[in-house]
């Protein structure tokens with residue numbers, strides 16, 4: 001059961017999952033379009049099978065994994081996670097997947113490795129947001145984590161949501177979920193995972209470095225230049241005449257698990 | 001049917017005031033529709049955001065349309081001057097709904113957050129200034145105000161050009177990335193504003 005598995009990690013289980021329809025019909029996936037309704041509406045032509053993920057870089061066993069092989073080797077477990085978007089809204093999402101750390105341990109991380117870089121898929125013929133788009137992000141979408149963040153047991157490679165294979169709009173067939181960071185760190189439709197000794201470039205940071213940092217840890221005290229991060233709108237609750245809001249918590253409420261990763265760092269500078 | 005500019009004008013069965021009120025009410029349909037759908041919960045996962053952004057876009061559209069009225073008369077010969085006031089009031093009404101939804105529904109009248117929003121976030125400062133101008137113009141749109149202000153009225157209402165520019169910036173920088181739609185709106189605004197710079201025949205240009 002999802003809440004039990006989650007609470008075993010030491011954080012409150014009393015979270016109400018966001019309605020499934022909201023999870024699958026309100027999200028950002030710029031490869032399909034800039035509106036939050038675009039991913040669900042415009043991802044019908046995307047083919048998440050067959051799928052390979054290349055694992056390479058500073059590892060003992062570089063390998064191209066078929067998705068089925070990944071599933072067979074690492075299986076999946078339920079994780080009920082809060083999701084805090086950098087746009088100051090939030091959801092609670094029941095994911096299924098496996099720990100990124102398990103994959104990295106299987107690959108054998110070499111000494112000297114410091115970061116993990118992720119690359120998403122480029123398929124303009126299936127992803128309308130990648131066609132033209134004078135003003136869009138650069139493709140492929142890229143993301144990165146520090147190695148210790150990547151190895152943290154909360155860091156998940158999700159292959160399912162709400163008990164079914166990930167729908168195209170949510171990052172099929174495999175995506176990253178890092179619950180203490182803003183949602184844009186959760187790169188979707190991953191094709192490559194590279195272990196490296198250099199801090200990798202990340203898409204939103206390239207787009208607007210003063211607005212989106214490499215770390216992107218959820219932090220109510222560091223505002224986005226154009227809006228406050230002190231509170232968040234809870235999607236799926238509230239009414240037309242009053243949004244449901246709650247205060248945002250440091251590290252999205254996962255401080256107990258992850259604060260030690262950032263000891264001694266200035267979170268205002270490394271936002 | 002004769003064009004308004006050529007030949008004798010057909011008298012409408014309705015008085016100008018009736019036609020103005022009718023136009024105003026008719027153009028409120030998008031607002032009524034959004035609110036009705038929002039209450040019926042058919043606007044998707046974030047109905048507040050849909051309403052907020054729709055109202056903002058309608059405010060901008062009516063601002064553009066109201067600014068097209070005088071060029072239409074001057075360059076096309078189509079006289080719809082009688083509708084300029086209700087069109088301007090529609091721009092104001094949608095802007096007011098936009099602001100009320102932001103301040104009240106989205107931000108819960110949180111004075112602390114709002115103060116920071118309006119003083120330190122340029123896109124919101126631009127938006128607020130636009131609204132304050134539209135408010136001033138709406139408040140002085142009565143016949144009584146026009147008479148009381150005399151020549152100053154025309155001068156005051158030239159602020160609508162400033163509002164147009166502020167609104168263009170507000171819309172353009174409101175997103176995480178550049179979107180196409182704000183630039184289309186801004187381009188139309190630029191055309192409408194530059195038409196004002198065309199010298200009038202038979203008048204000295206200053």
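Looking at A:236, A:213, which one is in contact with a helix residue (DSSP H, G or I) (Cβ under 7 Å, 6 or more places away or on another chain) and within 14 Å of chain B (Cβ to nearest Cβ)?
The unique qualifying residue is A:236.
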(message) Here is a check on your reading of the model: is residue A:202 away from chain B (no Cβ under 14 Å), over 19 Å from the mean Cα position of the chain (by Cα) and crowded, with 16+ Cβ neighbours inside 10 Å?
(response) no
(request) Tally the residues that are within 30 Å of residue A:88 (Cβ to Cβ), buried (at least 17 other Cβ atoms within 10 Å of the Cβ) and more than 10 Å from every other protein chain (Cβ to nearest Cβ), restricting the search to the stretch B:121-158. (result) 8
(message) With the requirement that a residue be buried (at least 20 other Cβ atoms within 10 Å of the Cβ) and away from chain A (no Cβ under 14 Å), what does the stretch B:40-63 give you?
(response) B:56, B:58, B:59, B:60, B:62, B:63
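For the stretch A:239-271, name all the residues that are more than 9 Å from chain B (Cβ to nearest Cβ) and within 17 Å of residue A:92 (Cβ to Cβ).
Passing the criteria: A:244, A:246, A:247, A:248, A:249, A:251, A:252, A:253, A:254, A:257.
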(request) Output yes when any residue across the stretch A:128-146 is under 22 Å from residue A:250 (Cα atoms), touching a residue at least 60 places away in the same chain (Cβ under 8 Å) and surrounded by fewer than 22 Cβ atoms within 10 Å (Cβ to Cβ), and no when none is. (result) yes
(request) Quickly run through the stretch A:238-254 and pick out the residues that are surrounded by fewer than 18 Cβ atoms within 10 Å (Cβ to Cβ), in contact (Cβ under 8 Å) with a residue 12 or more places away in the chain and over 18 Å from residue A:184 (Cα atoms). (result) A:246, A:247
(request) Taking only the stretch B:140-173 into account, find how many residues are assigned to a helix (DSSP H, G or I) and farther than 24 Å from residue B:196 by Cβ. (result) 4
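Output the residue which, of all residues in the stretch B:12-35 that are within 14 Å of another protein chain (Cβ to nearest Cβ) and surrounded by 11 or more Cβ atoms within 10 Å (Cβ to Cβ), is nearest to residue B:60 (Cα to Cα).
Step by step, filter the stretch B:12-35, then rank; the result is B:31.
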(message) Out of A:111, A:155, A:119, A:194, I need the residue that is surrounded by fewer than 17 Cβ atoms within 10 Å (Cβ to Cβ), farther than 24 Å from residue A:19 by Cβ and either in contact with a strand residue (DSSP E or B) (Cβ under 9 Å, 6 or more places away or on another chain) or without any contact (Cβ under 8 Å) to a residue 12 or more places away in the chain (or both). Which one?
(response) A:111
(message) Just to be sure before I move on: is residue A:117 within 20 Å of the chain's Cα centre (by Cα), modelled with pLDDT of 95 or more and either more than 25 Å from residue A:250 (Cα to Cα) or within 14 Å of another protein chain (Cβ to nearest Cβ) (or both) in the structure I sent?
(response) no
(message) Need the failing condition index for residue B:105 against (1) touching a residue at least 40 places away in the same chain (Cβ under 8 Å); (2) surrounded by fewer than 16 Cβ atoms within 10 Å (Cβ to Cβ); (3) over 23 Å from residue B:66 (Cα atoms), just the number.
(response) (2)
(message) Need pairs with beta-carbon distance below 8 Å; first residue more than 8 Å from chain A (Cβ to nearest Cβ) and within the stretch B:109-120, second at pLDDT 95 or above and in a helix (DSSP H, G or I); sequence gap 6+ or separate chains.
(response) B:109/B:103; B:114/B:103; B:118/B:124; B:118/B:125; B:118/B:128; B:119/B:125
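Out of all the residues in the stretch B:141-160, which are free of Cβ contacts under 8 Å to residues at least 40 places away in the same chain and within 19 Å of residue B:94 (Cβ to Cβ)?
B:157, B:159
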(message) Here is a check on your reading of the model: is residue A:97 touching a residue at least 60 places away in the same chain (Cβ under 8 Å), farther than 25 Å from residue A:17 by Cβ and part of a strand (DSSP E or B)?
(response) no
(request) Scan the stretch A:222-233 and give yes if some residue there is in contact with a strand residue (DSSP E or B) (Cβ under 6 Å, 6 or more places away or on another chain), in contact (Cβ under 8 Å) with a residue 60 or more places away in the chain, within 21 Å of residue B:106 (Cα to Cα) and facing another protein chain (nearest Cβ under 10 Å), otherwise no. (result) yes
(message) Given the options B:200, B:176, name the one that is within 14 Å of chain A (Cβ to nearest Cβ) and in a loop (DSSP other than H, G, I, E, B).
(response) B:176
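The values are calculated or read from the model by the stated rules, or taken from the named source; none is laboratory data. Here the structure is a predicted model, which means the values were calculated and not measured. We place every Cβ from the backbone using ideal geometry, glycine too, and count neighbours over all the protein chains shown.
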